[in-house]
Structures are given as structure tokens and as C-alpha cells.
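Input: a single structure, listed below in C-alpha cells.
The values are calculated or read from the model by the stated rules, or taken from the named source; none is laboratory data. Given the structure is predicted, the values throughout are model-derived calculations rather than measurements. With ideal geometry, Cβ positions are generated from the backbone for all residues, glycine too; neighbour counts draw on all protein chains shown. Quick note on the areas: whole protein, heavy atoms, side chains included, nothing else; ligands and nucleic acids left out. Shrake-Rupley method; radii C 1.70, N 1.55, O 1.52, S 1.80 Å.
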Amino acid sequence: SPSPAPLRPTAPSDEQALLPCFRASFAETFEFCDHTKKKFTDAAQQCLHHFFYGPFHLPLPASRVALGPPGTRNAGKPIGAALVLAQDEGWALLDMIFVAPAWQHRGLATALAAAALTALHELGGYRTLVSRYHLGNEPSRAWHHQSGFVDEPDLRLAQLHFRAATHELHRQRELG
């Protein structure tokens, strides 16, 4: 069932307001597993700053923030976001989608993505929404696939699979 969390468009003040949610959402993920606390905090700030003020893209008003529902300890504070960037003509990028751990598995990411898609449709001119996830982030990969995103052929991904297969073949030979 859809999340009861209120959703709203992003605002420039969300760069800082989303930081605690971003940090909670990505603290235990594969992409930041080798970061010190300081390096992770810096990376979180850089990711959000790049979304809001990156020099080569435009944040779209289709981006959405989920707020903690009234009566919860997170009431009115960001608990998730779907951040969408304009790309080349006709398509947009779901640059980041994240939900604080306490609010995961309640359909919130799906509600955020659906709201962003609806807003993209209302903006007009966007026929395709593309998203990316870190190859090692299995929960993100699973959500993307469940949500209808499909993997596109990717040379880097093919090279990673080739290296993994070569390593496994070598390991199996050594084991006999």
C-alpha cells in the first residue's frame, strides 16, 4: 500500500535538510563501505551539492521529498527523496532515490518514484526516465528491477563480469 508520508517538490533548502536522511540511507551500503566517517560525511555533502548545483545539469521540479508523517518522531523532516535531473532532449535521470532505514519496506521509494514520474509527465517533453545504481548495492538493484527499470548493455559491467569469471576460473583450477 502507498506510504502515508506526505510528498512535496524539492526546494533549494533541501540540500542541507536531506543530509541526515542521505547519511542514514547510505551508511551501510556497498558504495561507501570503505569510507571513514569523515570521508562518508564529505561524500554525502558532495552528492547532494552536485544534485542541486552541478554545473552540467538541471534539477527538475519533478524531484520529490517524503516527509515524516504527523505524529511520528520524524514529523515534517525528510525521510526519503527521488531526485531527478534533466538530461539530453527527451529523457531524465533519476539521479538518486533513497529512504531512511526506519521507513524502508513500506512502499515509500515506489511512491516517490511514481510521484516523480507523474510530475515528469505533467512537465512534458520527457519520454524516458533512466536510473543508475551501484553494482554492489543489491537492495537497490532489486528495487530498480521490481520497479521496471532494465539493465542496459554496459562495457564496464561486461568487463567486471569478465574479471569475476576469470578470477573464479583461476580459483577453481587451483582447487583442482
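Computed quantities for the displayed model
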quantity	calculated
Listed residues VAL84, VAL150, VAL65, most fluctuating in the chain (Gaussian network, C-alpha, under 10 Å)	VAL150
Scattering curve values for the chain, log₁₀ I(q)/I(0), Debye with Cα scatterers, q = 0.08, 0.13 Å⁻¹	-0.29, -0.70
List PHE22, PHE149, PHE56, ordered by accessible area with a 1.4 Å probe, largest first	PHE56, PHE149, PHE22
Nitroxide proxy distance, nm - points 7 Å out along Cα→Cβ at HIS50 and THR29	1.2
FRET efficiency, 1/(1 + (r/R0)^6) with R0 35 Å, evaluated for VAL130 and LEU175 via beta carbons	0.30
Amide H contacts under 5 Å for LEU60, placed H, 5+ residues apart	VAL84, LEU85, ALA86
Residues with amide H under 5 Å from that of VAL130, placed H, sequence gap 5 or more	ALA92, LEU93, LEU94
Under the Debye formula (equal points on every Cα, no solvent term), log10 I(q)/I(0) of segment 1-103 at q = 0.10, 0.11, 0.12, 0.17 Å⁻¹	-0.28, -0.34, -0.41, -0.80
Separation of the ALA43 and ARG73 label points, Cα + 7 Å toward Cβ, nm	2.7
Carbon/sulfur fraction of accessible area - the chain, other protein chains in place, 1.4 Å, %	58
Fluctuation leader among LEU123, LEU67, LEU48 - the chain, Gaussian network, Cα springs under 10 angstrom	LEU123
Fluctuation leader among ARG106, ARG127, ARG156 - the chain, Gaussian network, Cα springs under 10 angstrom	ARG156
HN-Hα J in Hz across segment 103-110 - Karplus 6.51, -1.76, 1.60, θ = phi - 60°, x for Gly and Pro	10, 6, 6, 10, x, 5, 4, 5
Accessible area per residue, Å², segment 12-84 with all protein chains present, probe 1.4 Å	53
Computed [θ] at 222 nm, helices only, for the chain once each DSSP H run of length n ≥ 4 contributes -39500 (n - 2.57)	-13500 deg cm²/dmol
Computed E for LEU123/GLU168 - FRET, C-beta separation, R0 41 angstrom, nearest 0.05	0.35
Other-chain or far-sequence residues with amide H under 5 Å of ILE79's (modelled H)	ALA66, LEU67, GLY68
